[in-house]
1. Taking only Cα atoms and a 10 Å spring cutoff, compute GNM fluctuations for the chain and point out the largest among Leu213, Leu16, Leu235.
2. Expressed as a whole percent, how much of the Cα-Cα distance distribution for segment 37-136 exceeds 23 Å?
3. Counting only DSSP beta bridges with both residues in segment 61-199, tell me the antiparallel percent, nearest 5.
4. Suppose every Lys and Arg Cβ carries +1 and every Asp and Glu Cβ carries -1, with no other charges. What dipole size does segment 106-239 come out with about its Cα centre, to the nearest 20 debye?
5. Setting aside same-chain residues fewer than 8 positions from Lys132, which aspartates and glutamates have a Cα under 17 Å from its Cα?
6. Positive end of the dipole of the chain, charges at C-beta (+1 Lys, Arg; -1 Asp, Glu), about the Cα centre: which of Leu74, Leu48, Gln86 has its Cα farthest in that direction?
7. Based on alpha-carbon atoms only, what is the radius of gyration of the chain relative to the globular estimate 2.2 N^0.38 Å?
8. Mind ranking 36-46, 249-259 by how tightly packed they are, going by the mean number of other C-beta atoms within 10 angstrom, highest first?
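We did not get these values from a lab; they are worked out from the coordinates using the rules stated. Computed from a predicted model, the values in this text were never measured in an experiment. All Cβ positions, glycine included, derive from the backbone under ideal geometry; neighbour counts span all protein chains shown.
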Amino acid sequence: MIVNFDDVSLVRGDNLVLNHINWQVQPGENWAALGLNGAGKTSMLKLLHGDFWPSEGSLEVLGERFGHTSIPELVKRIGWVSSALQDWLHPGDLAERIVLSGKFASIGIYQEYTKGDMDRAKELLVQSGGAKLIGRSYGVLSQGERQAVMIARALMANPELLVLDEPCNGLDLFAREKLLNRVAKVAAMPNPPSLLMVSHYPEEILPCFNKVLLLRHGEVFAKGDRDEILSEATLREFYGTPIKMFTVSPGRVAVYPQTENEG
């Protein structure tokens with residue numbers, strides 16, 4: 001099993017952040033977790049990363065049970081694409097060195113590496129659409145270019161699980177589509193990692209995400225096959241308000257609040 005939340009609750013201070021989460025990710029499944037601000041999406045990812053610990057219940061990731069495994073070693077088996085992680089990276093480092101650091105799940109490179117390691121880092125950067133970024137400092141890159149670097153970095157250690165934490169944040173329309181195309185290519189690779197993407201927006205959920213989790217107020221509202229979960233009836237109940245749905249492209253839908261005039 002890739003991920004197993006077994007009756008997991010999380011309390012931070014006086015706040016119940018996650019309430020009795022039961023959710024499993026099986027091999028061969030790609031999941032998108034959808035929710036509004038405050039739904040608990042970020043807290044769920046912090047649990048996966050070992051930043052938080054369940055207040056109740058048990059958590060297993062890649063067959064390792066929290067409390068009975070080394071979190072630093074486990075994290076090396078997970079690729080992360082996150083805006084929060086970007087803030088920790090060294091802006092003066094070259095793009096290919098940022099990618100290479102993914103092999104060690106470190107900020108900066110403090111271990112020995114081979115020419116083959118660096119060649120692979122550059123190759124992954126090219127495959128992620130970043131051929132022109134080789135030799136450039138991370139700090140001068142656009143947000144879209146940084147996300148290309150982050151995807152390449154996440155793949156550097158051949159992860160078993162790839163986590164995409166709101167990867168389209170800060171991207172314009174065209175940069176967003178480029179990034180989503182890269183995600184689709186990752187899903188189509190031979191022996192790809194399992195994908196887990198967290199988002200606010202249904203239109204970012206590509207057809208490669210065959211499962212969807214809806215989080216609301218720290219609880220699982222619904223989970224299951226994408227066609228069932230991304231239906232107008234389910235999403236209307238989830239958001240608690242009339243909505244309008246549009247087909248963006250085959251297998252992708254956008255959702256907007258329905259105004260009174262449209263009612």
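1. Leu16
2. Considering segment 37-136, 38 percent of its Cα-Cα pairs are separated by more than 23 Å.
3. On the way: 2 of 12 bridges.
If we restrict to bridges inside segment 61-199, about 15 percent are antiparallel.
4. 480
5. Asp93, Glu96, Asp119, Glu123, Glu145
6. The Cα lying farthest towards the positive end belongs to Gln86.
7. Working: Rg = 18.7 Å, N = 263, 2.2 N^0.38 = 18.3 Å.
Rg over 2.2 N^0.38 Å, computed on Cα atoms: 1.02.
8. 36-46, 249-259
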